[in-house]
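Bear in mind these aren't lab numbers, they're just calculated from the coordinates by the rules spelled out. Since the structure is predicted, the reported quantities are computational estimates derived from the model, not experimental observations. All Cβ positions, even for glycine, are placed from backbone atoms using ideal geometry, and neighbour counts span all protein chains on display.
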Amino acid sequence: MNSRERIIAALDHKEPDRVPLDIGGTDVTGITLGAYKRLLRYQRKSQKDIKFLDMAQQVVEIDEQILGEFGVDTRGVLIGVFPGPSSSWQLKIRDENNHTSFVDEWGIKWVMPKKYGKYYDMSSHPPLSGEKTLEEIENYSWPDPKNNQRIKGFKDKLCQLRNNTSYGLLHGGALGGGTFELALWLRGFEDFYCDLTANPGRACALLDKIVDLKIQYWEKALEKFGKYVDIAVEWDDLGAQETSLISPQMYKKYIKPRHRKLFSAIKKASPKRIYIFLHSDGCIYDLIPDLIEVGVDIINPVQVGAKKMDPEVLKRKFGKNIVFWGGGINTQKTLPYGTKQQIMDEVKRRIEEFAPGGGFVFSAIHNIQPDVSPENIMTMVEAFHRYAYY
């Protein structure tokens, strides 16, 4: 089997020759800058011309030679997904004494400490916080989802990949964050959660605006190059370590209809079958039936260390209806701090739990963080190739 055949078989819940592998196909299954630089030094490769997939997370584009050496089955076309296209506004990394900062296209400020800083975090007052009217929300300076810079060069790159390689191809570029999380970012967590109970009209107006912008993006992108894309990547963090960030009841009432609208629009806009990949961290067990119902084909990162996210239970209850993309190794504990044997054992165990019957793509649980050594990355890859064959 080639890589694309392997990926499609897994997505169709069939057993390929081996479990597919994704490292770097998205900005949530990749490597952060610190870990990547150490990996390049370890492999005696140049550190010049490193490109970011996501400035805030400091996730980078992985060298094609490394992807080949690791046997990665995916390629993602999503350079510059976040913070946005440079032509719509000038991205300036500003020096502010003890930290650097930038303002994204939504008007949100992000900062990173100069000393020991690993990521950019939101710092400014949310731009739509406070007693905003529906008119003020509608008239806000929204990003242009049809800006040509968002997809500049994507068609040519995807065409080249489809015609000259055999990888499973992913695309994610729909304005950065997810529907629910963008509402939280723009209104502020406290204000938006209050809106859901005290002013649902305002909450719905904001959610509807975000969904509309996303649909506009996807319709244009898939019209241009949808025939090359296998998987559409969306994000919407719905879970924390111990519970979901929104109750199942409120998810059903406010988010679920908008997810259904968005995912249906993506599938309708695609000229061929496309699989919906949804990234959501944490404890999302209680929401998985709803995610399946609204058209999600793939969930990521499958954070098995979160409450109720037991791999055997997930596979038994949902494995026939959704693909688990991730869950391969714990990036909070085992990958950064485990011994070689602990890493080997966990990779083996996760493959045994998730792989039977297909429906599994191996990836670490979220991006490989700066505290992960190159030796541990290499051990993970070694273990994968030892145990991934059916």
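Points worth noting:
- Per residue, the convex hull volume that the Cα atoms of the stretch 147-282 enclose (Å³): 110 Å³
- Whole-Hz Karplus values for the stretch 270-282 come out as 6, x, 9, 4, 9, 9, 8, 9, 10, 8, 8, 5, x Hz, taken residue by residue from phi with 6.51 cos²θ - 1.76 cosθ + 1.60 and θ = phi - 60°; glycine and proline positions read x.
- Global size of the stretch 247-343 as Cα Rg and Dmax, reported in angstrom: 15.2, 47
- Phi to ³J(HN,Hα) by Karplus 6.51 cos²θ - 1.76 cosθ + 1.60 over the stretch 35-43, Hz, x for Gly, Pro: 5, 5, 4, 5, 5, 5, 4, 4, 8
- Cα-based helix-to-principal-axis angle, 374-387 vs the chain, degrees rounded to 10: 60 degrees
- Legend: residue pairs LYS14/LYS214; LYS51/LYS118; LYS224/LYS252; LYS308/LYS340; LYS209/LYS252, Cα-Cα distance threshold 22 Å; pairs beyond threshold, LYS14/LYS214; LYS224/LYS252; LYS308/LYS340.
- Cross-link partners of LYS307 among aspartates and glutamates (Cα-Cα below 19 Å; sequence separation of 8 or more within a chain): ASP236, ASP237, GLU242, ASP281, ASP286, ASP290, GLU346, GLU353
- Considering the stretch 290-384, its Cα convex hull presents a mean projected area of 5.9 nm².
- Mean separation of Cα contacts under 8 Å (6+ apart) over length of the chain, as relative contact order %: 21 percent
- The chain has equivalent-ellipsoid semi-axes of 31, 24, 22 Å, by the square roots of 5 times the alpha carbon gyration tensor eigenvalues, sorted largest first.
- Measuring r between the beta carbons of SER123 and PHE189 and using R0 = 22 Å, the FRET efficiency lands at 0.95.
- Cα-Cα pairs of the stretch 1-160 separated by more than 26 Å (percent): 44 percent
- The chain: calculated mean residue ellipticity at 222 nm from DSSP helix runs of at least 4, using -39500 (n - 2.57): -11500 deg cm²/dmol
- Convex hull volume of the stretch 148-194 per residue (C-alpha atoms, cubic angstrom): 74 Å³
- Degrees between helix 200-225 axis and first principal axis of the chain (Cα, 0 to 90, nearest 10): 50 degrees
- With the simple spin-label model, which puts each label point 7 Å out from Cα in the Cβ direction, the SER247 to LYS320 separation comes to 3.2 nm.
- Label separation (ASP49 vs LYS152): 1.8 nm, computed from points 7 Å beyond Cα along the C-beta direction.
- Against the chain, whose longest principal axis is taken from its Cα atoms, helix 340-354 shows a tilt of about 70°.
- Centre separation in Å (Cα based) which lies between the stretch 111-169 and the stretch 182-249: 13 Å
- Taking the Cα atoms of the stretch 95-151, the ratio Rg/Rh between the radius of gyration and the Kirkwood radius comes to 1.09.
- Cα centroid separation, the stretch 289-318 to the stretch 1-40 (Å): 18 Å
- Stretched out straight at 0.36 nm per residue, the stretch from ASN97 to GLN341 would grow longer than its current Cα-Cα span by 83.5 nm.
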